[in-house]
Each structure stands twice: as C-alpha cells, then as structure tokens.
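The values are calculated or read from the model by the stated rules, or taken from the named source; none is laboratory data. Every value quoted in this text rests on a predicted model; they were computed, and no experiment measured them. A quick note on method: Cβ atoms are made from the backbone with ideal geometry, for glycine too, and the neighbour counts reach across all protein chains shown.
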Amino acid sequence: MPEPRFSLPLPTADATPIFEHFRGSYGTELLTAAVAHFDLFQRLAEQPRLQAELGQSIGLEERAMQVLTTALRAMGVVAVDDWGRLKLTELGEHLVPGSPFDVSDYVGLAATSPGVLEMVERLKTNRPTGLDEGGDGAAFIYRQGIRSAMDQQALSEHFTMALAGRAKNVAPVLAERLDWTESNTLLDIGGGTGIYSIAILQRNPRIRATVLDRPEVLQIARRLADQAGVGDRMTFLAGDMFEDAMPTADVVLLSNILHDWDVPECERLIGRAAAALSPLGKLIIHDVLLDDDLGGPLPIALYSAALFTLTEGRAYSGAEYCRWLQAAGLTTASPLATAIHCHAIIGTQGLERNRMETALSF
C-alpha cells in the first residue's frame with residue numbers, strides 16, 4: 001500500500017508568535033478608533049460608566065462594544081471597578097485630551113488610515129466586511145440569505161486552504177492530546193478541509209468520520225482525505241449546520257466554528273450538536289478562549305477583533321462555552337490547551353465524566 005501523500009505530524013516549532021504578529025494591526029485600529037472616533041477616554045475621564053451605557057452613548061451595539069472594551073482592558077488602558085463599571089487606568093489617562101501627559105493626538109495621527117476607518121465602520125454597523133448595503137457578501141461564513149464566497153468554487157478553495165494553514169499546526173495536537181479509545185464515530189460540523197478529522201483518523205484506525213459542510217468545501221476535504229489514506233473511513237455530508245439533519249455520533253466536534261457566530265447562533269448550534277450525540281457521547285468545542293472576565297488576554301482580544309470584522313461572531317470565554325454546554329444538558333470539564341491559543345472544552349452526555357480530557361504532554 002503506498003504511503004499517504006498528505007500526513008499531519010506534530011509540528012516541531014510553535015507557530016503562535018506568527019499569528020500574534022499578524023494580528024497586531026488590530027490593536028492599532030481599535031486603540032485609534034477609541035481615541036479619535038469615539039472619544040471614549042474623554043467620556044470615561046468624566047466618570048466611570050457601565051459598558052452598556054457607554055456603548056449606547058457612542059452608538060455601538062453589544063457585540064461591537066465587547067470586542068472594543070476587551071481589547072482596551074487587555075491593553076491596560078481601561079479596567080472594571082468594584083461596581084462593574086468601566087474606568088480609566090493610570091495608563092489610560094495618557095489618552096485623555098488635555099491631560100498632563102496627553103498622547104491622544106499622537107495616536108490620532110492614524111485616524112484616517114484605511115484600516116482604522118474600516119474598523120470604525122465595522123464597529124458602527126456591527127456587521128462583517130462585505131455585508132453592508134451593496135457589499136459583495138461574506139468571505140468566511142455561510143448562512144441562508146447571505147452571499148458567501150463558500151458558494152463559489154474558486155473562492156471557496158482559496159479561503160478554505162488559507163484557513164487550513166493554521167489547522168495543519170493545531171489538528172495533530174488535538175488528535176494527540178485527547179483520548180479517543182472509546183469512540184467509534186466522529187461528526188465534524190463545519191469541518192472544512194476535514195483536516196481535524198484526518199488527523200484523528202490517521203491516529204485511530206477504528207474511527208469513522210462524517211464531515212458536514214458546504215458542497216464546494218467538501219470537494220477539497222474529499223481530495224485531502226484520499227491523499228491522506230483515510231478517504232474510505234470518511235463520509236462527506238453536504239448541508240446547512242443550522243438547518244439540516246445530523247447523523248448520530250460518539251463524538252461531535254465544533255473546531256473553530258462557534259467564533260464565527262453571535263451568541264444566539266452559538267447556543268442554537270451547540271443544542272443541535274448535543275442532540276446528535278450517542279448515549280454518553282462527547283461534544284468537543286475547540287477554539288480560542290478569552291479570560292472568563294472578558295478582559296484579555298491581548299492576543300485573543302485582537303483575534304476577536306479580526307473575527308468581528310470578518311464574521312458575525314467574536315472570541316468567547318471558557319465560562320461562556322461551559323454555560324452553553326450545560327444549558328444543552330452536558331457535563332463540562334476544564335479546558336485543555338492544544339496549540340496556537342486553542343483549547344478543547346468537552347461536554348459529556350449524562351452524568352458520565354469525560355475521560356477524553358486526559359492529555360499527552362506536548
């Protein structure tokens with residue numbers, strides 16, 4: 001039997017710094033927007049304010065306001081007081097116009113740069129790039145009623161393979177760190193290239209996987225699965241994860257999916273995924289995590305800004321994911337780190353405690 005042409009070994013170097021440097025520009029855009037377009041620091045200099053109240057005063061909806069304030073808190077220029085109000089830190093006072101050590105005009109030099117202006121527009125509209133009136137549609141998400149690059153073969157392949165670069169670094173670590181010994185079937189919702197399923201199947205010859213995604217994307221997954229030598233154990237199911245029936249599986253995987261969607265869609269998708277579990281099955285949410293107080297860390301806050309501009313979602317915290325899993329009737333375990341800021345949070349059917357949290361050192 002010939003060797004597979006597509007294999008997923010563990011990475012020999014940690015690629016995390018590359019992604020942190022790549023997303024650094026979002027810090028400039030958010031800070032400049034807060035200083036030069038929303039006058040946020042002057043408003044907080046007058047008095048601390050609840051986040052919802054401050055958002056209303058500057059015209060930002062909840063999701064946009066959360067993305068902005070998470071980043072500012074992670075930068076150390078804004079904090080939360082004992083009454084849950086946003087307040088300036090000593091560092092943040094440097095951004096108040098007219099203050100003794102004011103640097104707001106310096107930051108404001110970037111106020112008209114294209115990236116800042118685009119971020120301001122995203123924050124004001126609370127909509128991703130391409131979905132404004134007259135826009136050309138979303139690039140990275142698909143949902144009934146919106147135009148999506150994922151329905152166009154050439155664009156679908158471009159975006160899907162671009163996103164696969166990170167997955168090739170992370171999927172082998174997820175496959176190594178979890179215990180799959182009692183699992184026979186895997187449902188990979190929104191599985192894209194199928195790289196996470198491929199990594200799991202290459203290490204577990206007993207498991208069969210179903211990848212659910214758009215038909216254009218599944219053409220890529222089928223090709224990679226065949227090249228990896230696991231195509232005979234994978235089923236490719238074209239469908240809409242929000243609407244279409246899902247097969248029952250021992251493990252349901254939502255890897256880097258929920259961060260594309262707002263809270264109601266996340267809750268709905270988790271409920272649908274939980275309903276697809278076999279008795280004592282496991283639902284794995286694999287994603288980046290904000291701190292539970294939504295105050296950082298900065299690399300995830302900036303990734304959240306990237307998600308905000310490109311999708312209908314943002315980054316979420318482990319506490320938020322666990323709350324949604326528990327609402328779906330699942331028992332949760334502590335998050336398990338994989339790679340490039342990702343963690344696995346496992347929800348288990350019934351009262352059976354999840355043994356899949358056992359990790360191999362990496």
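Worth a mention:
- Pair list, Cβ under 6 Å, 6 or more apart: the stretch 79-98 residue assigned by TED's automatic domain parsing to the domain that holds residue 68 and farther than 18 Å from residue 295 by Cα, other residue hydrophobic (A, V, I, L, M, F, W, C) and part of a loop (DSSP other than H, G, I, E, B): 94/101; 94/103
- Within the option set 228, 249, 209, being among the hydrophobic types (A, V, I, L, M, F, W, C), under 28 Å from residue 280 (Cβ atoms) and in contact (Cβ under 8 Å) with a residue 40 or more places away in the chain holds for one residue only, 249.
- Criterion violated by residue 107 - all others in (1) buried (at least 16 other Cβ atoms within 10 Å of the Cβ); (2) modelled with pLDDT of 95 or more; (3) outside the structural domain of residue 22 (by TED's automatic domain parsing) satisfied: (3)
- Residue-level check: of (1) at pLDDT 95 or above; (2) among the small types (Gly, Ala, Ser); (3) under 29 Å from the mean Cα position of the chain (by Cα), residue 98 misses just (3).
- Among residues of the stretch 311-341, those that are under 19 Å from residue 167 (Cα atoms) and surrounded by fewer than 18 Cβ atoms within 10 Å (Cβ to Cβ), counted: 1
- Residue that is modelled with the highest pLDDT [pool: residues in the stretch 342-354 that are surrounded by fewer than 19 Cβ atoms within 10 Å (Cβ to Cβ) and assigned to a loop (DSSP other than H, G, I, E, B)]: 350
- Filter result (touching a strand residue (DSSP E or B) at 6+ places or on another chain (Cβ under 7 Å) and part of a loop (DSSP other than H, G, I, E, B)) within the stretch 154-184: 178, 183, 184
Okay, residues lined up against (1) closer than 26 Å to residue 16 by Cα; (2) free of Cβ contacts under 8 Å to residues at least 40 places away in the same chain:
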| position | (1), (2) |
| --- | --- |
| 164 | yes, yes |
| 181 | no, yes |
| 187 | no, no |
| 190 | yes, no |
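- Near pairs, Cβ below 6 angstrom, 6+ apart or cross-chain, from the stretch 99-111 (more than 17 Å from residue 27 (Cα to Cα)) to any residue that is surrounded by 12 or more Cβ atoms within 10 Å (Cβ to Cβ): 99/93; 101/94
- Pairs with Cβ under 6 Å, 6+ apart, first in the stretch 10-22 and in contact (Cβ under 8 Å) with a residue 24 or more places away in the chain and within 13 Å of residue 165 (Cβ to Cβ), second assigned to a helix (DSSP H, G or I) and polar (S, T, N, Q): 11/169; 15/169
- The stretch 51-87, subset of a type in the set (Gly, Ala, Ser) and touching a Ser or Thr at 6+ places or on another chain (Cβ under 9 Å), residue surrounded by the fewest Cβ atoms within 10 Å (Cβ to Cβ): 76
- Scanning the stretch 196-210 turns up one or more residues that are assigned to a strand (DSSP E or B), at pLDDT 95 or above, of a type in the set (A, V, I, L, M, F, W, C) and crowded, with 24+ Cβ neighbours inside 10 Å.
- Candidate set from the stretch 88-104 (those that are surrounded by fewer than 16 Cβ atoms within 10 Å (Cβ to Cβ) and among the charged types (D, E, K, R)); member that is farthest from residue 32 (Cα to Cα): 90
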